[in-house]
1. Hey, any hits in region 41-61 for a residue that's at pLDDT below 95, surrounded by fewer than 24 Cβ atoms within 10 Å (Cβ to Cβ) and either closer than 14 Å to Ile118 by Cα or β-branched (Val, Ile, Thr) (or both)?
2. Enumerate the strands (runs of 3 or more DSSP E) found wholly within region 80-131, keeping only those where 1 or more residues are modelled with pLDDT of 90 or more and either polar (S, T, N, Q) or on the phi < 0 side of the Ramachandran plot (or both).
3. So which residues in region 1-34 are assigned to a helix (DSSP H, G or I) and touching a residue at least 60 places away in the same chain (Cβ under 8 Å), if there are any at all?
4. So which residues in region 106-136 are of a type in the set (S, T, N, Q) and either touching a Gly at 6+ places or on another chain (Cβ under 6 Å) or within 13 Å of Ser54 (Cα to Cα) (or both)?
5. I'd like the full set of residues that are crowded, with 19+ Cβ neighbours inside 10 Å and closer than 22 Å to Ile312 by Cα, limited to region 133-156.
6. Name, by its number, the condition in (1) touching a helix residue (DSSP H, G or I) at 6+ places or on another chain (Cβ under 7 Å); (2) closer than 29 Å to Asn49 by Cα; (3) modelled with pLDDT of 85 or more; (4) assigned to a loop (DSSP other than H, G, I, E, B) that does not hold for Tyr212.
7. Would you be able to tell me the number of residues in region 289-303 that are closer than 28 Å to Gly25 by Cα and surrounded by fewer than 24 Cβ atoms within 10 Å (Cβ to Cβ)?
8. If you go through region 257-278 one residue at a time, do you hit one that is at pLDDT 85 or above, more than 22 Å from Val13 (Cα to Cα) and polar (S, T, N, Q)?
Amino acid sequence: MRHRMLGRTGLDVSEIGFGTWQLGGISWVSPGEKDCLFLLRHAFESGINLYDVSPSYGNGRSETLVGTAFEADRKDVLISGKVGVLEDGTYHGFWSERQLRESLEQSLRRLKTDYFDILTLHAPPMDVLKAGYALELLHRLKETGMARFIGVSLEAQPEEALIALKQGIDILQIRLNLLFPEARKVFTAAAAKEVGVVINSPFGHGYLSGRYSTYQDIADGDYPKGPFRATKPPELVGAMIRNANAFKELVTNGVSSLASAALKFTLAFKEVSSVVPGHRSMAELQDNLATSKSGPLSAGEVVHAETIYEEIFPNAQRPRRQTTVDARASR
């Protein structure tokens, strides 16, 4: 497993982390507890040291699993927690200081620990970000030792990220993938402040997995679960599948699959410290580990990906960031 430095924090993080949304079992069909614990332990033994959790992932199930899996190895793992969003089948934000503190206390109990290595606001709305009080609370918690480092976790909204970067954060977690490259617009600003960048949703909620050719290919065990077919028009889903599969042109020269190409794309930027995909099976985990071992896309392959994106979305403005990581520089 290759490792990178997480901004100015001094933390040495595995470039592939472990996102636990899929283990929550509400939005996704999750493995059973025994299988989840086995996946978490195997990831740890394979060199993954960054685990991303939230109380919204299965009403705390992912936190309970991580707490059980690593109770005896707490000092050897980095737990990245979130606060602000809870889940009961739908997502709701809870942003008062009382609600944030209560949620954090419950999360720590489930995690069987008394601190977070990283603590982020989970998709805060713009008015909460601008008001600043939620991040001020995280700064106070950092002073008490409850959180070693703090930040925000966002969708690919550069304007929100730029506001957060002005408020003294250590970590920026943001969506980046072949279909949604907008996050690259904030890389320069993050690097200037030595803020560590963690990427989520590298597979675009499964569209970039390469498993689907048509809407009918989406099985009951895939995300989105249950309401997906009712809430997502078939024509929209079909268009997303077609757009994602256009990137299969990248499956060449040692790139083994569309999923591998998608993960390699996110790892191709030197500003990125780690990517936290979900792993719902041993096969997915092994594929992602192998992708790290084989290195990121080359500069030429990133340009090829950009060209495909421009063909799919001709009116989109390309994020002009073409810096890549030299795989030999990763440890």
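The values are calculated or read from the model by the stated rules, or taken from the named source; none is laboratory data. If you're wondering where the values come from, they're calculated on a predicted model, not measured in any experiment. Please note: Cβ atoms are built from the backbone with ideal geometry, for glycine as well, and neighbour counts cover all protein chains shown.
1. Looking through region 41-61, none of the residues is at pLDDT below 95, surrounded by fewer than 24 Cβ atoms within 10 Å (Cβ to Cβ) and either closer than 14 Å to Ile118 by Cα or β-branched (Val, Ile, Thr) (or both).
2. Ranges flagged: 116-122.
3. Within region 1-34, Gly7, Arg8, Thr9, Trp21, Gln22, Leu23 qualify.
4. Gln106, Ser107, Thr120
5. Ala156 - this is the single residue of region 133-156 that is crowded, with 19+ Cβ neighbours inside 10 Å and closer than 22 Å to Ile312 by Cα.
6. So Tyr212 meets the others, but not (2).
7. 3
8. yes
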